[in-house]
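Here the structure comes first, spelled out in C-alpha cells, and everything after it is commentary.
The values are calculated or read from the model by the stated rules, or taken from the named source; none is laboratory data. Remember, predicted model here, so these are calculated numbers, not experimental data. So basically every Cβ, Gly included, is an ideal-geometry build from the backbone, and we count neighbours across all protein chains shown. To get the accessible areas, we keep the full protein, side chains included, count just its heavy atoms, and leave off ligands, DNA and RNA. Shrake-Rupley method; radii C 1.70, N 1.55, O 1.52, S 1.80 Å.
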Amino acid sequence: MLTILGSAAIAEPYQSHKITILEALSATGLRSIRYAKEIPLVKQVIANDLLPGAVAAIKRNAAWNDIDASEENISMIRVNEGDACTLMYSHRDEAKRVDVVDVDPYGTAAPFIDAAVQAARDGGLICITCTDAPVLATNYYPEKCFSNYGGVSMISEYSHEAALRILLHTVSTSAARYGRYIEPLVSLSIDFYFRIFVRVHTAPQEVKKAITKTAAYYVCSSCQAWYEQPLGRSSKPNVGDSPGNYGTEARMTGMLTVAQEELPTPFYFTPSQISAFFHCQTPSLNQLTSALLNAGHSVSRSHAKAGSLKTTASRAAVYDIYRSFIAKLHPVKMDKIGQRSPARVLLSKAPKMEADFTSHPDVETVTASKIGLVRYQPVPPNWGPGSRPKRKAE
Ligand SMILES: C[S@@+](CC[C@H](N)C(=O)[O-])C[C@H]1O[C@@H](n2cnc3c(N)ncnc32)[C@H](O)[C@@H]1O
C-alpha cells in the first residue's frame, strides 16, 4: 500500500529524469522490489540491511521476482549490507544524494532522521515510518518522547494527529541544521504506526520560518480543549497539506482522499466524545456540520479518527453550538442535573452566538466524504502500557 502511495507522491515532480531510491532498512526487500517493479521512473533501488540474513533474503526475493540484484552498481537493485546511517551519510555529498530516502525501522525512526535529511537531493522525498505509537501518541513516556523527538505528547482524543505534528517537527529541526526545510506532502496515522512523506529543499532563508510553524499546546485533561502558544510570530502547523482490512485499495483511496481534504488547522474533535463528556445528546453530523458552516467556519473530516471533524472554529465555539443544541433541540432541566455534573458546567454559560442548525448546502461535501471507504482498526480505549495482557501466574 505504501509503495503505491510513495509512487504517487514522487511520480509527479520527477517526470523528467529517472530516480534512485535508497531503502535504508529493507528487511526482506519486499518494498524495494515493489519500488523496482511498480514505478516506471526508477533507475536504481539501493536496498540495505544490517543483517546478513536479511541481505541474503533480499537477493533471493529479487531473484524470485526476476529482478537483477547484487552489490554491483549497475543492478536494478543494489544490495548493501551495513548500518543505515553509515550508508545514508555516505550519500550526503551533493553529487551523491538520492531522489528518495525510505526509513522504516522497528519502533522509532529518530536515530536515522539526521542522516536521512542529508541523503536526499534538493527537492527529494523522504518517507519515514515510526511504529512507537505509545511514545508518540500518549503521555506514558514523556522523557522518551522528548529525547527522541524534542517534544512531549499528550493523552487526548486527537493524540494521533499530535504525534504526526511532533514527528514533522523532529524532521524539520533536523533538516534546519543543514540549511534545509521540509515540505510535508502526506502525513498519515494508520493503525499502530505513523508514516510521513516530506520533500526536502535547501533554502536557508526558508529555514528561518520553521519557528513560525511550531507551537506548544496546552490541553485540558478533562474537556480536551486546547490552548496554543506559538513559538514564532504566527503559528501555522503544517501537517495537512494533502496530511480494518490491511492493504485494500478501498482503504487506501479512502484514507488518502480524506487526508487530502483535511483542513490544516490543528486537531480534530469527535462529537460523540464531547457529548459523553458533558452527558448530553449528540447532535447529528449533519446538524453539527451545518451549524459550523452556517456560522462561517470551514469543516472537514480527519483521516486519523473515524467519526471525527476538523474545523476552523475554536473549541469554545463548538461548545457554544452544543449549548444552542441543548437549548433549542434537546432541553435539559437544570434541576435534574447534579450540582457537580459536567452538563451543568456546560450550561452555566449562555452561548455567545445562537447556532443555526438548518441544513447547509455544503454539508454533503463534508459528511459524504470518502470516509466510508476507510476501514479503521480502532485503538482500544484503555490502550497503553497498563492494558498489556497480564502474565498468567505460574
Ligand atoms: C521494520 S524492518 C523493515 C521492513 C521493510 N522496510 C519492509 O517494508 O518490509 C526493520 C529492518 O531494519 C533492520 N535494521 C535494524 N537496525 C538497522 C541499522 N542500524 N541499519 C540497517 N538496518 C537495520 C533490521 O534488520 C530489520 O530488517
Next item on the list: Add +1 for every Lys or Arg and -1 for every Asp or Glu among the other residues with Cβ under 11 Å from the Cβ of Leu347, and state the total.
Entry: +4
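If we sort 102-108, 86-92 on the protection proxy, mean other Cβ atoms within 10 Å, highest first, what's the order?
Details: 102-108: 19.3, 86-92: 17.6.
Descending mean neighbour count gives 102-108, 86-92.
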Next item on the list: For Ala225, enumerate residues with amide H under 5 Å from its amide H, sequence gap 5+ or separate chain, H modeled in the peptide plane.
Entry: Cys220
Notebook entry, point to check: Taking K and R as +1 and D and E as -1, what net charge do the other residues with C-beta under 15 Å from the C-beta of Gly29 add up to?
Noted result: -3
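Measuring with a 1.4 Å probe in the full set of protein chains, what accessible area per residue, in whole Å², belongs to region 152-204? Can you show the working numbers first?
On the way: 1430 Å² over 53 residues.
With all protein chains present, region 152-204 gives 27 Å² per residue.
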Item checked: Calculated Rg and Dmax of region 268-373 using C-alpha coordinates, Å -> 13.8, 44
Note to self: Using the Cα centre of region 268-373 as origin and beta-carbon charges of +1 (Lys, Arg) and -1 (Asp, Glu), tell me which of Ser290, Val345, Thr312 is placed farthest towards the positive end of the dipole.
What the structure shows: Val345
Item checked: Amide H contacts of Val186 (H built 1.01 Å from N, under 5 Å, at least 5 apart or other chain) -> Phe197
Next item on the list: Taking H placed 1.01 Å from N in the peptide plane, check which residues at least 5 places from Gly124 or on another chain put their amide H under 5 Å from its amide H.
Entry: Val200
Note to self: Taking loop as defined by DSSP and a crowding limit of 14 other beta carbons within 10 Å, which chymotrypsin sites (Phe, Trp or Tyr not before Pro) in region 139-172 fit?
What the structure shows: Tyr140
Notebook entry, point to check: Under the definition of Cα pairs under 8 Å and six or more residues apart, what whole-number percent is the relative contact order of region 268-373?
Noted result: 38
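Carbon-plus-sulfur fraction of the accessible area of region 41-179, 1.4 Å probe, in percent?
Numbers: 3080 of 5660 Å².
It is 54 percent, rounded to a whole number.
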Margin query: Give me the base-10 log of I(q)/I(0) for region 2-209 at each q in 0.09, 0.13, 0.17 Å⁻¹, Debye formula, one uniform scatterer per Cα, rounded to two decimals.
Written below: -0.33, -0.69, -1.15
Note to self: For the pairs Lys213/Lys352; Lys208/Lys310; Lys37/Lys96; Lys59/Lys96; Lys144/Lys213; Lys213/Lys310, flag any whose C-alpha to C-alpha distance is greater than 26 Å.
What the structure shows: Lys213/Lys352; Lys208/Lys310
Note to self: Give the separation of the Cα centroids, region 124-171 to region 308-324, in Å.
What the structure shows: 26
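Over region 2-209, what is the mean sequence separation of C-alpha contacts under 8 Å (at least six apart), divided by residue count, expressed as relative contact order in percent?
Values: 441 pairs, mean separation 32.8, N = 208.
With pairs under 8 Å counted, the relative contact order is 16 percent.
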